[in-house]
Every structure is written in C-alpha cells, then in structure tokens.
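To start, the structure under review is shown below, and the notes come after it.
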Amino acid sequence: MNDHPVWPKKVLTCIVCPIGCTITVVHDDYDVIEIEGNNCARGREYARHEAIEPSRTVTTSVLVVGGERPLASVRTAGSVPKGKIRAVMDEIAKVSVKAPVKVGDVILENVAGTGEKVVATRNVPRKRSKGKGRAK
C-alpha cells in the first residue's frame, strides 16, 4: 500500500463473514483511495462504506404503560449514520407506548431525520386486571 501522508488510514476488521479480514483503507473525506487486505468483494464494499459513511443499527428499549413488562425492546428498521446515534437515542428516550405492543409495531417514524423507523422487537401484552367480584 502506498504511503499517503495527507490522507487518513483506517485499519478495520471486516464483519461481513466469519473470516474477519484485517482491511486497511486509505481515504479522503469523500472517497476511498486504496483498500487492501480484503479476501472478497463484500469485504471491499464493507470497508468502503465503513471508511466514508459508517452506519449502525440501533437497539434499545422504550417504556411501556400498562404492560405486563415495563419495557419493550426496539431497534431501527435499518442502519443510521454513526454520527446520528446520539440523536436517535435521545428521541427514543422520550417515547413511551401503551400496551399491548407487538413485534413489528412502528414506534417512531423518521427517527432523528434519518428516514428510518424504530420498530418493536418484543411483544408486551396489556397488564391483566385483577378480577373483582368473582364468584367463589
């Protein structure tokens, strides 16, 4: 790999497959200059994306009102820019939902302006009320 004193160099461990190639990426702010160390085209694409526009799927939980459990796990439907994760988490932290919650329910649309939905990944049934006036 050529030595580029002006451009940053990132060393990544590829997560696309179990091999875990160590990939070195030389890039400027807009484009990849060189990629070395990948064993496949998927690793090359992962390195290109990770160097220029890293993104992540965000998983967390939201408060559930009137549910058998106090929290429901949620995640972004797709990945969001790594630099927006804090804003995504801040928006999700302000949310509470009423039970019942079903897997796949949309909790938030366009979270933090990313275009991604936040969806439930756990069912939380409504809390059962204790029977009053039951015959004994």
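The values are calculated or read from the model by the stated rules, or taken from the named source; none is laboratory data. Here the structure is a predicted model, which is why all the values come from computation and not from measurement. We place every Cβ from the backbone using ideal geometry, glycine too, and count neighbours over all the protein chains shown.
Results, tabulated for the structure shown:
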{"item": "Test: residue in the stretch 94-114 that is among the charged types (D, E, K, R) and in contact with a Gly (Cβ under 8 Å, 6 or more places away or on another chain)", "result": "yes"}
{"item": "Where a residue in the stretch 104-123 is acidic (Asp, Glu) and its partner, wherever it lies, is assigned to a helix (DSSP H, G or I), with Cβ under 9 Å and at least six apart", "result": "Glu116/Val88"}
{"item": "Some residue of the stretch 87-109 being on the phi > 0 side of the Ramachandran plot and either among the β-branched types (Val, Ile, Thr) or touching an Asp or Glu at 6+ places or on another chain (Cβ under 8 Å) (or both)", "result": "no"}
{"item": "Meets criteria (within 14 Å of Arg56 (Cα to Cα) and either of a type in the set (D, E, K, R) or touching an Asp or Glu at 6+ places or on another chain (Cβ under 9 Å) (or both)) for Lys127", "result": "no"}
{"item": "Residue within the stretch 13-21 that is in a loop (DSSP other than H, G, I, E, B), out of contact with any Lys or Arg (no Cβ under 9 Å at 6 or more places or on another chain) and within 30 Å of Asp105 (Cβ to Cβ) present", "result": "yes"}
{"item": "Selected residue (criterion: modelled with the lowest pLDDT) from residues of the stretch 14-60 that are closer than 29 Å to Met89 by Cβ, polar (S, T, N, Q) and surrounded by 13 or more Cβ atoms within 10 Å (Cβ to Cβ)", "result": "Ser55"}
{"item": "Number of the exception - Arg86 against (1) in contact with a strand residue (DSSP E or B) (Cβ under 9 Å, 6 or more places away or on another chain); (2) at pLDDT 95 or above", "result": "(1)"}
{"item": "Residue count for the stretch 78-128, restricted to those that are surrounded by 15 or more Cβ atoms within 10 Å (Cβ to Cβ), among the small types (Gly, Ala, Ser) and closer than 16 Å to Pro54 by Cα", "result": "2"}
{"item": "Of all residues making up the stretch 61-83, the number that are among the β-branched types (Val, Ile, Thr) and under 30 Å from Asp29 (Cβ atoms)", "result": "2"}
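Results for (1) in the same structural domain as Pro18 (by TED's automatic domain parsing); (2) in a helix (DSSP H, G or I); (3) not polar (S, T, N, Q), shown as yes or no for each residue.
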residue: Glu34; (1), (2), (3): yes, no, yes
residue: Asn39; (1), (2), (3): yes, no, no
residue: Met89; (1), (2), (3): no, yes, yes
residue: Gly104; (1), (2), (3): no, no, yes
residue: Ile107; (1), (2), (3): no, no, yes
